[in-house]
Each structure stands twice: as structure tokens, then as C-alpha cells.
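Peer 1: Encoded as C-alpha cells, here's the structure I'll be asking about.
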Amino acid sequence: MNPILEVSKLNKSFGGVTVARDIDFVLDAGAMHCLIGPNGAGKSSFFRLLLGEHAPDSGAIRFSGDDITALRSFERIRKGISVKFQVPGIFKALSVRQNLEVAFQHHLHGASLGGTIRRVLEFTNLTGEAATHAGVLSHGQQQWLEIGMAVGVEPKLLLLDEPTAGMSPDETRKTGEMLHELNARGITILAVEHDMAFVQQIADSVTVLHMGAIFAKGSIDEITEHPGVQEIYLGAADE
Ligand SMILES: Nc1ncnc2c1ncn2[C@@H]1O[C@H](COP(=O)(O)OP(=O)(O)O)[C@@H](O)[C@H]1O
Ligand SMILES: [Mg+2]
């Protein structure tokens, strides 16, 4: 196996709240993996640690064999990590094309910028909406625009935080197909997701996070049948 990401003994607390507790996590290059867990489990915090928006209290993160624990976010992005966060990151007053220009402007120029924008518009099914203000796109189209903004510069690892939240079943299925297409191009995918039908559609395997720690890891069947996993979700629903 050829790991693209190796997290070891990662710890992070904010005051009294521990968001990462001795996390050991290895992701193989080419994988499609899902991270699940109840609200507040630390999934988004884990992504912020991976991107370098939070500095860990202890532990290490290796990407493509290099220790990136001390690198700044932009240096990690330059190495090939890209992320689509939970909160929308599009500029609603700008057109779809302008959003892509803003996302790629520091990486691409001239003909390669134009070519990449054309390719991303096609991939996200937004060619006909290039001049449309992003704010008037459907919710699903806005999410796809953001995925397009995250993959234009061909990352090696794409992190997606709840990419299908608020989507219709049809939009959700279409998003799964888009992620398979990206994975076929060689992009490793790690997604936080709640919709188990979507997890089923995209993931080879699943990791469960609970109270900042890895609770379980396995195939989708192993995880859905795991009595402890069912309990932590029921516990969360009781709160
Ligand atoms: N910057 C922060 N400061 C203090 N507490 C935080 C911060 N970020 C997250 N938390 C807390 O850490 C816990 C995990 O949050 P989060 O990573 O967003 O969980 P998830 O994405 O799994 O729902 C929550 O209890 C949240 O309130
Ligand atoms: Mg979250």
C-alpha cells in the first residue's frame, strides 16, 4: 500500500474541549474514504488540522511521505491538498466564471486559465451558467461550483466536508458520480458525510469519529452493523 496521508497521535484541545484525541489515520493513495460520526465528533476540526488552519498540540501529519505538520495552509495546498468546507465559500455576487477565475488566479494564467475554466464548467455541468450570478444557482449547483473551485488545479487529495448537505436525492447521486470521475483521474477523496446511501455510493471504507477519537474503522457493512456505532448515534440523537 502507498499512503498519501499518515496522521499519527494527533491531539488538539480548545480550552476544555478536545477535538482530536490521539488520532492515528492512514489513507492510501487512490482511496475513496468517508469519515462519519455524530455532530460535534470533531470531523470538521480534523479537516482544519489537515489543512493547517489549526496547529495540533502534539502529533504529526505526513502527506506524500513529507512531514507537513509545521507547514502553513498555502504550502499544504501547493503540495496538493484541497478542501471544500461545510460553510459555502462562493462569491454570490460574482458570476460562475468569475468565481472560477478568483479560485485559480494565483495558480494559472492566460491560455491554461481559460482551458481549465472551460474544463471545470463542463465537469460541473455549469457551461450554460458561466455568466449567471452564483447566488441565483440552485443549492446543488452552488455546491458543484465549489467542488469545481477545489479541483481546478488538480489536487492529489480532496477533502469534502458534508458535500451533499441540503441536496435532493438526484443531486446527491450526481455528486457521487462526479467524485467517482475525479477519483478515476487519480484524486484521492476523503469526505465527511451523513447520508449512508451516499457513503455506500462512494466509499471503499469508513472511519467513525467520536468525541475527537477514532471509534471504529471498516467496510460500510461492518460499520452499519457495528452495535457500538449505532449506540453513539442514538446517544447523540438523545441529547
Ligand atoms: N475553534 C474552536 N474553539 C472551541 N471549540 C471548538 C472550535 N472548533 C470546534 N470546537 C468544538 O469542537 C467540537 C467538534 O466540532 P467539529 O469539529 O465542528 O465537529 P463535527 O464537524 O464532527 O460536527 C465541538 O464541540 C465544537 O463546539
Ligand atoms: Mg462538521
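Peer 1: Please tell me if residue 199 is within 16 Å of ligand 1 (Cβ to nearest atom), closer than 20 Å to residue 46 by Cβ, aliphatic (A, V, I, L, M) and touching a Lys or Arg at 6+ places or on another chain (Cβ under 6 Å). Spell out the reasoning first.
Peer 2: Working: within 16 Å of ligand 1 (Cβ to nearest atom): yes; closer than 20 Å to residue 46 by Cβ: yes; aliphatic (A, V, I, L, M): yes; touching a Lys or Arg at 6+ places or on another chain (Cβ under 6 Å): no.
Taking the combined requirement at face value, the residue does not satisfy it.
Here's the yes/no breakdown for (1) among the hydroxyl-bearing types (Ser, Thr, Tyr); (2) under 13 Å from residue 36 (Cβ atoms); (3) modelled with pLDDT of 95 or more; (4) touching an Asp or Glu at 6+ places or on another chain (Cβ under 9 Å):
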position	(1), (2), (3), (4)
202	no, yes, yes, yes
205	yes, yes, no, yes
208	no, yes, yes, no
215	no, yes, yes, no
222	no, yes, no, no
227	no, no, no, no
232	no, yes, no, no
238	no, no, no, no
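Peer 1: Might you check whether a residue that is without any contact (Cβ under 8 Å) to a residue 40 or more places away in the chain and charged (D, E, K, R) occurs anywhere in the stretch 158-170?
Peer 2: First, pick out the residues of the stretch 158-170 that are without any contact (Cβ under 8 Å) to a residue 40 or more places away in the chain: 164, 166-170.
Then keep just the ones that are charged (D, E, K, R); that gives 170.
Checked the stretch 158-170: at least one residue is without any contact (Cβ under 8 Å) to a residue 40 or more places away in the chain and charged (D, E, K, R).
Peer 1: On the basis of being within 16 Å of ligand 2 (Cβ to nearest atom), out of contact with any Phe, Trp or Tyr (no Cβ under 6 Å at 6 or more places or on another chain) and not hydrophobic (A, V, I, L, M, F, W, C), does residue 92 make the cut? Don't jump to the end; show me each part of the working.
Peer 2: On the way: within 16 Å of ligand 2 (Cβ to nearest atom): no; out of contact with any Phe, Trp or Tyr (no Cβ under 6 Å at 6 or more places or on another chain): yes; not hydrophobic (A, V, I, L, M, F, W, C): yes.
Here the answer is no, as residue 92 does not meet what is asked.
Peer 1: Hey, another quick one. Within the stretch 128-164, how many residues are among the hydroxyl-bearing types (Ser, Thr, Tyr) and away from ligand 1 (no atom under 16 Å from the Cβ)? I'd like the intermediate steps shown before the answer.
Peer 2: We begin by selecting, within the stretch 128-164, every residue among the hydroxyl-bearing types (Ser, Thr, Tyr); these are 132, 138, 164.
Narrowing further to those that are away from ligand 1 (no atom under 16 Å from the Cβ): 132, 138.
Summing the residues that are among the hydroxyl-bearing types (Ser, Thr, Tyr) and away from ligand 1 (no atom under 16 Å from the Cβ) in the stretch 128-164 gives 2.
Peer 1: Is there a residue being in contact (Cβ under 8 Å) with a residue 40 or more places away in the chain, out of contact with any Ser or Thr (no Cβ under 9 Å at 6 or more places or on another chain) and within 23 Å of residue 103 (Cα to Cα) anywhere in the stretch 34-44?
Peer 2: Within the stretch 34-44, one or more residues are in contact (Cβ under 8 Å) with a residue 40 or more places away in the chain, out of contact with any Ser or Thr (no Cβ under 9 Å at 6 or more places or on another chain) and within 23 Å of residue 103 (Cα to Cα).
Peer 1: Counting only residues that are assigned to a loop (DSSP other than H, G, I, E, B) and touching a strand residue (DSSP E or B) at 6+ places or on another chain (Cβ under 7 Å), which one in the stretch 46-59 is nearest to ligand 2 (Cβ to nearest atom)?
Peer 2: In the first step, residues of the stretch 46-59 are kept if they are assigned to a loop (DSSP other than H, G, I, E, B); the result is 52-57.
Add one more test, that the residue is touching a strand residue (DSSP E or B) at 6+ places or on another chain (Cβ under 7 Å), and what stays is 54, 56-57.
Details: 54: 13, 56: 18, 57: 20 Å.
Within the stretch 46-59, the match that is nearest to ligand 2 (Cβ to nearest atom) is 54.
Peer 1: Right, here's the next one. Considering each residue of the stretch 38-85, count those that are more than 30 Å from residue 228 (Cβ to Cβ), more than 16 Å from ligand 1 (Cβ to nearest atom) and among the small types (Gly, Ala, Ser), and give that number.
Peer 2: Going through the stretch 38-85 one residue at a time, the tally reaches 5.
Peer 1: For residues in the stretch 79-97 being part of a loop (DSSP other than H, G, I, E, B) and under 20 Å from the mean Cα position of the chain (by Cα), which is nearest to residue 122 (Cα to Cα)? Talk me through it step by step, then tell me what you get.
Peer 2: So in the stretch 79-97, the residues part of a loop (DSSP other than H, G, I, E, B) come out as 80, 85-94.
Pick out the ones that are also under 20 Å from the mean Cα position of the chain (by Cα) and you get 80, 85-91.
Numbers: 80: 22, 85: 22, 86: 24, 87: 24, 88: 21, 89: 20, 90: 18, 91: 20 Å.
The selected residue is 90.
Results for (1) part of a helix (DSSP H, G or I); (2) modelled with pLDDT of 95 or more; (3) loosely packed, with under 13 Cβ neighbours inside 10 Å; (4) away from ligand 2 (no atom under 16 Å from the Cβ), shown as yes or no for each residue.
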position: 1; (1), (2), (3), (4): no, no, yes, yes
position: 7; (1), (2), (3), (4): no, yes, no, yes
position: 25; (1), (2), (3), (4): no, yes, no, yes
position: 34; (1), (2), (3), (4): no, yes, no, no
position: 44; (1), (2), (3), (4): yes, yes, no, no
position: 61; (1), (2), (3), (4): no, yes, no, yes
position: 74; (1), (2), (3), (4): yes, no, yes, yes
position: 77; (1), (2), (3), (4): yes, no, no, yes
position: 112; (1), (2), (3), (4): yes, no, yes, yes
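The values are calculated or read from the model by the stated rules, or taken from the named source; none is laboratory data. None of these values were measured; they are calculated from a predicted model. No Cβ is skipped: glycine too gets one built from the backbone with ideal geometry, and neighbour counts run over all protein chains shown.
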